[in-house]
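Data block below; observations after.
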Amino acid sequence: MQLGMRRPMMVAGAAAILLLAGGCTRIRAHQGFISDALIVDSVLPGIDNKASVEGALGRPTFTSQFGPERWYYVSRNTRSLAFGSPRPTDQLIVTVQFDGAGNVATVQRNASLDQVANLSPNGDKTHTLGRKRSLLDEIFGNIGTVGAAGTGAPGGPGPNGG
């Protein structure tokens, strides 16, 4: 091959390699509560109450619905390749439990990935109760019901009909 023919092919090859390598970007993200060990350690059982915990840690990620009142602060770091599903690299859950008077009873920290659940939807359909309607049923199912008696349409009972 001549040098004049090789150069455009080399440039095209280099451009293709750069384009493909650009898609292999690693994405790191943080979700939830931004934890600071010093501030979390400052929340003490028997001393703090709901107002002081909210002042120090902020509003909780979520709260308990049943049983003793607990506030949960969840912090998670994830990593993924471009266009890939994010995978958790580390997670911290701070659980603050309150007594009946609203004072802090316990503070627990869990820094393991044991409680990370992998939810996998079953296909791309949502199963519901009731009858199954086809596309034609959806399109033509309302014919005859629009403007029916009792809906206030002209000719029926209502302000204009009657």
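Since every read-out is calculated from the coordinates, none of them should be taken as a lab result. Nothing here was measured: the structure is a model prediction, and the numbers come from that model. Cβ placement follows ideal geometry from the backbone for every residue including glycine, while neighbour counts extend to all protein chains displayed.
Given the stretch 25-110 reduced to its alpha-carbon atoms as identical point scatterers, what log10 I(q)/I(0) does the Debye formula return at q = 0.14, 0.18 Å⁻¹? For the requested q values the scattering log ratios are -0.53, -0.75.
Starting from the Cα-Cα distance between Ile139 and Arg7, subtract it from 0.36 nm times their residue separation and give me the gain in nm to one decimal. Please report the intermediate quantities before stating the final value.
Values: separation 132, 0.36 × 132 = 47.52 nm, distance 5.88 nm.
So the extension gain works out to 41.6 nm.
With a simple spin-label model that places each label point 7 Å from the Cα along the Cα-to-Cβ direction, the separation between Ile47 and Asn77 comes to 2.8 nm. Close amide-amide hydrogen proximity is noted between Asp48 and Val104, each under 5 Å apart and 5 or more residues distant or on a separate chain (H modeled in the peptide plane; Pro and chain starts excluded). Modelled spin-label separation between Thr95 and Leu38, with each label point placed 7 Å from Cα along the Cα-to-Cβ direction: 2.8 nm.
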